[in-house]
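Here is the structure we will look at, set down as structure tokens.
The values are calculated or read from the model by the stated rules, or taken from the named source; none is laboratory data. None of these values were measured; they are calculated from a predicted model. No Cβ is skipped: glycine too gets one built from the backbone with ideal geometry, and neighbour counts run over all protein chains shown.
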Amino acid sequence: MNSLPEPNDADHRGKEGGAWDRQAHEKLYGRNLNTGLGDFVLQTVAPRDFLEFGSGLGGLAKYIAERTNLDPSYCIEPEVELDGDLGRNIHLLNLDILNSTTPQALKRRFDMVISIEVIEHIPLERHAEVFDFLVARAGRMIVFSAARPGQGGHGHVAERPELEWREEFLTRGCRFDPELTTRARAQSNERNINHRKNLQIFHVEP
């Protein structure tokens, strides 16, 4: 009987949730950039600057940076090392916000906070800390997507219903925008089916 091939590190990286390195991102999802979402951000949100929580290989941040002038913006991805920059004024921070001191650069609000299909990789008992962190840094708009129950995915340890994700923002004073949510989903690339089902857009009240 033939034995199964030995899995490499990328097969296991993040299986129990948590951070992935560059090899895992490339092997499991490749460069699956949702340019439609990038265009939505550019055309509709038009951020002056942004903070991306869980930027993966940095494709979305780079897509935005190449097409508009941004004030200093930051991507958080704990263990991904890149061999090039992400564009003018985009900085990658290899930071685990749940186990590290917040750097001075992040002790402010950003015009847009964005997190796409990330928080389901974090244990449920730590979600409140993550949402506190995100909302505290959002100055105007939040673009958010996270996995729904039954979606499945490598390293998903805390999938939640859409309304539960939404409630995390509503209880922290954000306002849900159904019109922009529909537009963001429709504008997403057809192959990015989970973005088309999971995206939600919020306004941060002054």
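Annotations for the structure displayed:
- Per-region count, segment 191-205, residues in contact with a helix residue (DSSP H, G or I) (Cβ under 9 Å, 6 or more places away or on another chain) and either of a type in the set (S, T, N, Q) or assigned to a helix (DSSP H, G or I) (or both): 6
- Of the criteria (1) closer than 24 Å to D96 by Cβ; (2) more than 15 Å from the chain's Cα centre (by Cα); (3) modelled with pLDDT of 95 or more, which one H154 fails: (3)
- Residues that are touching a His at 6+ places or on another chain (Cβ under 9 Å) and small (G, A, S) within segment 162-206 comprise A184, S188, listed in sequence order.
- Of all the listed residues (R191, R196), the sole one being within 16 Å of G36 (Cα to Cα) and in contact with a Lys or Arg (Cβ under 7 Å, 6 or more places away or on another chain) is R196.
- For R22, the test of being modelled with pLDDT under 50, surrounded by 14 or more Cβ atoms within 10 Å (Cβ to Cβ) and not β-branched (V, I, T) is passed.
- Entry remark, segment 69-125: residues being of a type in the set (S, T, Y) and touching a residue at least 40 places away in the same chain (Cβ under 8 Å) number 1 in total.
- Selected residue (criterion: surrounded by the most Cβ atoms within 10 Å (Cβ to Cβ)) from residues of segment 132-166 that are among the basic types (K, R) and in contact with a helix residue (DSSP H, G or I) (Cβ under 9 Å, 6 or more places away or on another chain): R137
- Hits in segment 174-206 - residues which are surrounded by fewer than 12 Cβ atoms within 10 Å (Cβ to Cβ) and not charged (D, E, K, R): P178, A186, I193, P206
- Tabulated pairs, segment 126-151, first within 25 Å of P206 (Cβ to Cβ), second assigned to a strand (DSSP E or B) and acidic (D, E), C-beta under 9 angstrom, 6+ apart or interchain: A138/D111; G139/D111; R140/D111; M141/D111
- Qualifying positions in segment 59-117 - closer than 17 Å to V41 by Cα and of a type in the set (A, V, I, L, M): L60, A61, I64, A65, L70, L86, I90, M112, V113, I114, I116
- Residue count for segment 42-64 under the criterion of being buried (at least 23 other Cβ atoms within 10 Å of the Cβ), among the aromatic types (F, W, Y) and assigned to a helix (DSSP H, G or I): the result is 0.
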